[in-house]
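Report on the following structure.
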Amino acid sequence: MTAKEPPITPALIAEHGLKPDEYQRILDLIGREPSFTELGIFSAMWNEHCSYKSSKVHLRGLPTRAPWVIQGPGENAGVIDIGDGLAVVFKMESHNHPSYIEPYQGAATGVGGILRDVFTMGARPIACLNALSFGAPEHPKTRHLVSGVVAGVGGYGNSFGVPTVGGQVRFHTRYDGNNLVNAMAVGLAEADKIFYAAASGVGMPIVYLGSKTGRDGIHGASMASAEFGDGAEEKRPTVQVGDPFSEKLLLEACLEIMEKDCVIAIQDMGAAGLTCSAVEMGAKGDLGVDLQLDSVPCRETGMSAYEMMLSESQERMLMVLKPDKEKEAEAIFRKWGLDFAIVGYTTPSKRFVVKHDDAVMADLPIKELGDEAPVYNRPFVETPKRPVVTAGSVKPPVPLADALETLIGTPELCSRRWVWEQYDHVIGGNTVQRPGGDAAVVRVNEGPKALALTVDVTPRYCEADPFEGGKQAVAEAWRNITAVGGKPLAITDNLNFGNPEKPEIMGQFVGCVRGIAEACKALDFPVVSGNVSLYNETNGRGILPTPSIGGVGVLPDFTKSATLAFKAEGEAILLIGETQGWLGQSVYLRDVCGREDGAPPPVDLIEERENGDVVRALIHDGLATAVHDVSDGGLLVALAEMAMASGIGATLEAAPDDTPAHAFWFGEDQARYLVTVPADRADTVIRRVQEASVPVHRIGTTGGATLILPGERPILIKALTERFEGWFPQYMAGGSA
């Protein structure tokens, strides 16, 4: 018997995250009071996570097209053409709230969900990346969260069999109560065999595939659209539980039935589970959907229609199959030990009808469930401009050598080896460049073609100036891909912000999106997929604005990719790009001088493009022996990273007379690269760069076991390396922050 559903009350409506005016919109739309199951369906479809109701009007300004873009935003993942009949399928999504409540499973299912988004499109995943933001190291919960999240990312990716090849890890007190877990997956497919979510044809079977449905994850999407407050731990039941081994079976079964031409449409059961997947498939195809929940495979007894529709149990798919291929598809799924059940049919009605125990539990207009979700053009105020911090106004508190040794051992700049060594970053045998460099490089099949992959954002810039911070996040992704020799092609984004109902937070979002759009247009670097994560606040305190940018580029020949390590002694070190000594919002200003203020460095997109194109050409022509972009910590930190990666030191020239030494060496001016070339080619390379009207300066020579700066004590590379590699393992072993 169908369980009696509770009456709809104002309290119940509020519990479902619906405001009174939104509930009135539902009443006007369907002309009656919704059932409890229908209320749950509206709650799932109209929450921030699924409907983008606060962000949609601004996302329309992002550039999404280019000749190489096959599929932009709106599908499970974006798709770009990389030639030779191949396509790259990729996307990034957040699992922030679940990972705070239950770090291991939250992070693990975040990885599982993004992998499904990729193979749903017909691609075999070949790489994962992530961007992780944690609270201050001294916060009592941070170490526990780092441990659980890293274990969850590794546990799922390693077991599934996809290498985790790159990412970011940051610490800041603003993430104390709301860490961020952004997961990115990248897959390969044949360019003419991409699968989409839109159903077609009337009377076509809708098939449930994969694992059984349980009560885990109910209201997960709604939880992801709400602020945290006291009692966040009570939300633990809304965190899904993942099984990477089942997902591996699901991958193989899906790719096999795609190969057998069984599939009309396919949709991952992600946020809002069966509800969102069924509605999207029908609505995109201008069709209705009739679901019969009695046929849904369940692992728990007595599940109600409400629970089945909102469960976010993992490793599940929904497909529309060609009727003559049903038996063949079922045999394939049974072979892989997975559930296969026909749970409904497409109809011409454009209604979403849900039946359970011979009762109609929901009967709603399917297009309006998505199309009529509220769209808010929320009021916003632009972030006030901050004053420029002049180099002369910052007095260096310690010598340059002491400052470098301090910075290289901070949580901001130290090695992330402790993290990435817990990930299998070489499984599959195609990882050419491992974590720790500017971008990961992953071979495409047998090569020589390869992909360059990175995830980037500098939240402190985004808070100080959202527009410049948004530009910089895209520019740094473009730079990192360029630094290994890749041609940047497209990005996915994960826009993490606080409460959009606060005008100042909405102003951060709008500014960052506008900056991202401007950079993507200037650099021919379109946005093909992404995710928005709002309400990242705890007890009214928001995170730093964190628009993570996942970049993808292509290298024609992986054997010509560049790395950051010095290759030999006696080579010339060239600095490409202009240095003014910009200290505002720099790591030096914060962690050495104790000031977290000023305007961030401006991003000149013309310079970014011109400088990057020159560097990429040097790599392709075999003239550059090592390349590294200059970012956090500035020039001296970048040089130290190149030295530590090789064990080879350098003798450096004095800073220019018109720039204070501490600003020259630690300023975070943009559009800059360090390039080494053989000494006998240095003059030729310098002339070539100058002929392209790009600034270039010879700033030193590789050699020895120390970094030597004029007027400073020698800095031992071995001592730097010990500091660089020491902080993370000592901290995770229980040492002081």
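The values are calculated or read from the model by the stated rules, or taken from the named source; none is laboratory data. Only a predicted model underlies this, so the values are computations on that prediction, with no experimental measurement involved. Note: ideal-geometry Cβ built from the backbone for every residue, glycine included; neighbour counts use all protein chains shown. Surface areas here come from the heavy atoms of the whole protein model, side chains and all, with no ligands, DNA or RNA. Shrake-Rupley method; radii C 1.70, N 1.55, O 1.52, S 1.80 Å.
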*On the protein heavy atoms, probe 1.4 angstrom, tell me the percent of accessible surface of segment 73-163 carried by carbon and sulfur.*
49 percent
*Packing-wise, with mean Cβ within 10 Å as the measure, how do 453-465, 587-599, 391-403, 623-635 rank, highest first?*
453-465, 623-635, 587-599, 391-403
*Size-normalised alpha-carbon gyration radius of segment 92-185, reference 2.2 N^0.38 Å*: 1.04
*What is the extension gain from Ala679 to Glu501, computed as 0.36 nm multiplied by their sequence separation minus the C-alpha to C-alpha distance, in nm to one decimal?*
58.3 nm
*asked:* Using C-alpha positions alone, give me the convex hull volume of segment 235-307 per residue in cubic angstrom.
replied: 130 Å³
*Would you be so kind as to identify which of Val149, Gly447, Gly370 lies farthest towards the positive end of the dipole of the chain, taking Lys and Arg as +1 and Asp and Glu as -1 on Cβ and the Cα centre as origin?*
Gly447
*Mind grabbing the base-10 log of I(q)/I(0) for segment 386-432 at q = 0.23, 0.27 Å⁻¹? Debye formula, identical points on the C-alpha positions, no solvent, two decimal places.*
-0.93, -1.02
*Quick one: which residues, 5+ away or cross-chain, put their amide H under 5 Å from the amide H of Ser529? H built at 1.01 Å from N.*
Asp493
*In whole Å, what are the Cα extents of the chain along the three principal axes, biggest one first?*
85, 51, 45
*Dividing the convex hull volume of the Cα atoms of segment 263-408 by its residue count, what figure in Å³ per residue is obtained?*
264 Å³
*Report, for segment 128-220, the % of DSSP beta bridges that are antiparallel, rounded to 5.*
45 percent
*Within 10 Å, count the other beta carbons around each residue, average over each peptide in 603-612, 367-376, 314-323, 478-487, and list them highest first.*
478-487, 314-323, 603-612, 367-376
*Å² per residue, accessible surface of segment 22-131 at 1.4 Å*: 28 Å²
*FRET efficiency, Thr9 to Asn377 (Cβ-Cβ, R0 25 Å, nearest 0.05)*: 0.25
_With only alpha-carbon pairs counted, each pair once and no self-pairs, how large is the Kirkwood hydrodynamic radius of segment 654-722 in angstroms?_
14.4 Å
*When ranked by the protection proxy of mean other Cβ atoms within 10 Å per residue, highest first, what sequence do the peptides 19-26, 244-251, 263-270 form?*
263-270, 244-251, 19-26
*Rounded to two decimals, what is Rg over Rh for segment 458-610 when you use alpha-carbon atoms and the Kirkwood radius?*
1.02
*Descending semi-axes in Å of segment 409-478, equivalent ellipsoid built from Cα gyration tensor*: 28, 18, 7
*Bin all alpha-carbon pair distances of segment 18-71 at 5 Å intervals from 0 and give each bin's fraction as a whole percent.*
4, 16, 19, 18, 12, 10, 8, 7, 5, 1
_Convex hull of segment 345-413 built on C-alpha atoms - directionally averaged projected area, nm²_ = 12.8 nm²
*Work out the FRET efficiency for Glu300 and Lys56 from their Cβ-Cβ distance, taking R0 = 30 Å, and round it to the nearest 0.05.*
0.25
*Any idea what the alpha-carbon Rg over 2.2 N^0.38 Å comes to for segment 550-654?*
1.21
*Residues in segment 683-723 reached by a label modelled at Glu421 [backbone nitrogen below 13 Å; 7 Å Cα→Cβ]*: 722
_With every protein chain kept in place and ligands, DNA and RNA left out, what is the accessible area per residue of segment 302-341? Probe 1.4 Å, answer in Å²._
35 Å²
*Dipole of segment 606-721, positive end: most advanced residue of Met644, Ala617, Gly633 [Cβ charges, Cα centre]*: Met644
*Can you give the alpha-carbon Rg of segment 421-537 over 2.2 N^0.38 Å, where N counts its residues?*
1.20
*In the calculated pair distance distribution of segment 636-677, what percentage of Cα-Cα distances lie above 12 Å?*
68 percent
_Nearest 5 percent is fine: what portion of the DSSP beta bridges confined to the chain is antiparallel?_
80 percent
*Could you tell me which of Ala272, Gln670, Leu400 has its Cα farthest along the dipole of the chain towards the positive end, charges placed at Cβ (Lys, Arg +1; Asp, Glu -1), taken about the Cα centre?*
Leu400
*Give the distance, in whole Å, between the Cα centre of segment 8-45 and the Cα centre of segment 115-187.*
34 Å
*Determine, at each q value in 0.09, 0.11, 0.12, 0.21 (inverse angstroms), the log₁₀ of I(q)/I(0) that the Debye formula gives when each Cα of segment 611-737 is one equal point scatterer.*
-0.30, -0.44, -0.52, -1.35
*Under the definition of Cα pairs under 8 Å and six or more residues apart, what whole-number percent is the relative contact order of the chain?*
15 percent
*Have a look at segment 271-355 and give its Rg and Dmax from the Cα atoms, expressed in angstrom.*
13.1, 35
